[in-house]
Every structure is written in structure tokens, then in C-alpha cells.
Amino acid sequence: MTSCPIPTGRGLSPAQFPDPARDLAPASGEQVAVIAGGCFWCTEAVYRVVDGVIDVVPGYAGGTAETADYKTVCTGRTDHAEAILIRYDAGRTSYGQLLKLFFSVAHDPTHLNRQGNDVGRQYRSAIFFANDEEKAVAEAYIAQLEAAGAYTAPIVTTLEPLTAFYEAEDYHHDYAARNPYQPYIAHVSRPKVDKLKAYFPERLKKA
């Protein structure tokens with residue numbers, strides 16, 4: 001991993017991103033969302049501080065179990081994406097609100113198969129939907145953002161059925177928190193979290 005910068009080429013600032021006009025029906029209890037937006041160190045760091053998020057698990061979505069390991073995925077020759085599985089309390093946050101943060105601060109959805117200098121299909125922008133309703137919410141929000149001119153380039157996020165999620169190796173878990181002075185974390189992951197704190201302080205977990 002080399003670089004996955006804060007999104008550029010915006011038409012709107014993060015604070016101007018609209019709330020999703022369509023969301024999952026109100027629910028309570030634990031739910032799961034799976035998204036991919038470049039390196040999972042970055043996306044995991046963002047969602048770990050979001051109120052209503054119970055846990056974040058880095059891993060690989062797409063592809064097969066036989067190639068679901070970091071060394072093989074990094075070759076770019078598998079169909080995996082570096083992804084995170086978000087366990088969240090649906091009574092405190094929603095699927096649509098998680099998508100809002102995904103598009104507004106967590107990554108750049110206009111970059112095809114890359115985030116910054118991280119290049120390859122494994123770094124693609126993707127939403128792995130578990131059912132038709134999740135797919136519909138994601139489709140509707142992408143259309144809403146494009147209509148609002150959120151970005152000056154087309155959103156290239158793919159919508160893919162969630163067939164399996166393979167948990168990443170132990171050393172990837174909570175990597176940013178455990179390695180705060182590692183250059184990549186200091187210069188790439190931390191600024192994303194700082195942007196979340198600056199634009200959406202009301203979405204943060206209470207100290």
C-alpha cells in the first residue's frame with residue numbers, strides 16, 4: 001500500500017453531501033454492511049470511530065477462498081477487493097448513512113480500480129450488497145449524488161452481490177490504531193479520520 005488520498009475533484013464539500021433519500025426500513029439490532037474503497041487500513045480507520053458501529057473487520061470480498069490472502073490479492077490477479085465488513089446497530093445508524101460517509105470522506109469513488117498510487121482491481125470502489133434492498137439503496141444514492149453534482153467526474157463504484165467475505169490476516173486488524181506513526185497511516189489514513197471529525201462531529205462515538 002502506498003497512497004489512497006482524501007477524495008479530490010469534488011463538486012460538493014463533505015458537509016454538502018445530501019442524506020440518502022432512500023434507506024433501509026427502520027430496524028433494530030445488529031446489521032452488516034460490506035464495502036470496498038481502496039486499502040482496508042483507511043476505510044477501517046474511518047468507520048471505527050463512527051457512532052453506531054459495533055465492529056469493523058478488514059478482509060477480502062469477491063473471488064474465491066483459495067486466493068483470499070494478502071500476498072495473492074496484492075498481485076491483482078484475483079477478483080477480490082480489499083474490503084471491510086461493518087457490524088452496526090441499526091437503531092443508532094443506518095445503511096444509507098454508512099454509505100454517505102463512504103462517498104463523502106472514506107475514499108474517491110471516481111477512480112477506477114485505484115486509490116491514489118494503489119492501483120489494481122483489488123483497490124476498486126465497490127458496494128457488496130447482501131440483498132435487493134441494499135442494492136436499491138446504493139443505486140438510489142449514487143443517482144442522487146450524480147444529480148447533485150457531488151463529484152466533477154462520474155462515480156465508478158460497482159455494485160456486486162456479496163457471495164462471501166474472507167477475514168484478513170490478524171496483523172491487518174485495527175492496523176491504523178496500532179501503528180499511528182507508520183508513514184502511510186500518518187499521511188493517508190489519519191487525514192481521512194480527521195476529515196470525518198471535522199465535517200461530521202455529530203457522527204462520532206462519544207468518548
If we scan segment 64-79, do we find a residue that is under 22 Å from ASN131 (Cβ atoms), in contact with a helix residue (DSSP H, G or I) (Cβ under 8 Å, 6 or more places away or on another chain) and in contact (Cβ under 8 Å) with a residue 60 or more places away in the chain? no
Just one of the numbered conditions (1) at pLDDT 95 or above; (2) surrounded by fewer than 21 Cβ atoms within 10 Å (Cβ to Cβ); (3) within 14 Å of LYS192 (Cβ to Cβ); (4) out of contact with any Lys or Arg (no Cβ under 7 Å at 6 or more places or on another chain) is not true of ALA65; which one? (3)
Given the structure, is ASP89 free of Cβ contacts under 8 Å to residues at least 40 places away in the same chain and more than 15 Å from the chain's Cα centre (by Cα)? no
Verdict on GLY63 being farther than 18 Å from THR93 by Cα, in contact with an Asp or Glu (Cβ under 8 Å, 6 or more places away or on another chain), outside any helix (DSSP H, G or I) and small (Gly, Ala, Ser): yes
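Conditions tested, residue by residue: (1) surrounded by 19 or more Cβ atoms within 10 Å (Cβ to Cβ); (2) in contact with a Leu (Cβ under 7 Å, 6 or more places away or on another chain); (3) modelled with pLDDT of 95 or more.
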residue	(1), (2), (3)
GLY59	yes, yes, yes
THR72	no, no, yes
ARG77	no, no, no
ALA83	yes, no, yes
TYR95	yes, yes, yes
LYS100	yes, no, yes
Is it the case, given these coordinates, that TYR175 is hydroxyl-bearing (Ser, Thr, Tyr), touching a Lys or Arg at 6+ places or on another chain (Cβ under 7 Å) and in contact (Cβ under 8 Å) with a residue 40 or more places away in the chain? no
Looking only at segment 139-192, which residues are surrounded by fewer than 16 Cβ atoms within 10 Å (Cβ to Cβ) and among the aromatic types (Phe, Trp, Tyr)? TYR171, TYR181
If I filter segment 32-39 for residues that are in contact (Cβ under 8 Å) with a residue 12 or more places away in the chain and surrounded by fewer than 21 Cβ atoms within 10 Å (Cβ to Cβ), do I get at least one hit? yes
Listed by first then second residue, the pairs whose first member lies in segment 178-198 and is closer than 17 Å to LEU101 by Cα, whose partner is among the β-branched types (Val, Ile, Thr) and loosely packed, with under 14 Cβ neighbours inside 10 Å, with beta carbons under 9 Å and at least 6 positions apart or on separate chains, are VAL188/THR2
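Within segment 66-80, can one find any residue that is within 17 Å of the chain's Cα centre (by Cα) and more than 27 Å from PRO201 (Cβ to Cβ)?
Kept after step one, since they are within 17 Å of the chain's Cα centre (by Cα), are these residues of segment 66-80: 80.
If we keep only those that are more than 27 Å from PRO201 (Cβ to Cβ) too, we end up with 80.
Within segment 66-80 (the criterion being within 17 Å of the chain's Cα centre (by Cα) and more than 27 Å from PRO201 (Cβ to Cβ)), the answer is yes, since at least one residue qualifies.
So how many residues does segment 40-57 have that are within 12 Å of the chain's Cα centre (by Cα) and surrounded by 18 or more Cβ atoms within 10 Å (Cβ to Cβ)?
Taking segment 40-57 first, the residues within 12 Å of the chain's Cα centre (by Cα) are 40-48, 56-57.
Cutting the leftovers down to surrounded by 18 or more Cβ atoms within 10 Å (Cβ to Cβ) gives us 40-47, 56-57.
Within segment 40-57, residues that are within 12 Å of the chain's Cα centre (by Cα) and surrounded by 18 or more Cβ atoms within 10 Å (Cβ to Cβ) number 10.
For segment 112-123, what are the residues that are surrounded by fewer than 24 Cβ atoms within 10 Å (Cβ to Cβ) and not hydrophobic (A, V, I, L, M, F, W, C)?
Filtering segment 112-123 for residues surrounded by fewer than 24 Cβ atoms within 10 Å (Cβ to Cβ) gives 112-114, 116-121.
Correct list: ASN113, ARG114, GLY116, ASN117, ASP118, GLY120, ARG121.
The values are calculated or read from the model by the stated rules, or taken from the named source; none is laboratory data. Remember, predicted model here, so these are calculated numbers, not experimental data. Ideal geometry is used to build each Cβ from the backbone, glycine not excepted, and the neighbour counts take in all protein chains shown.
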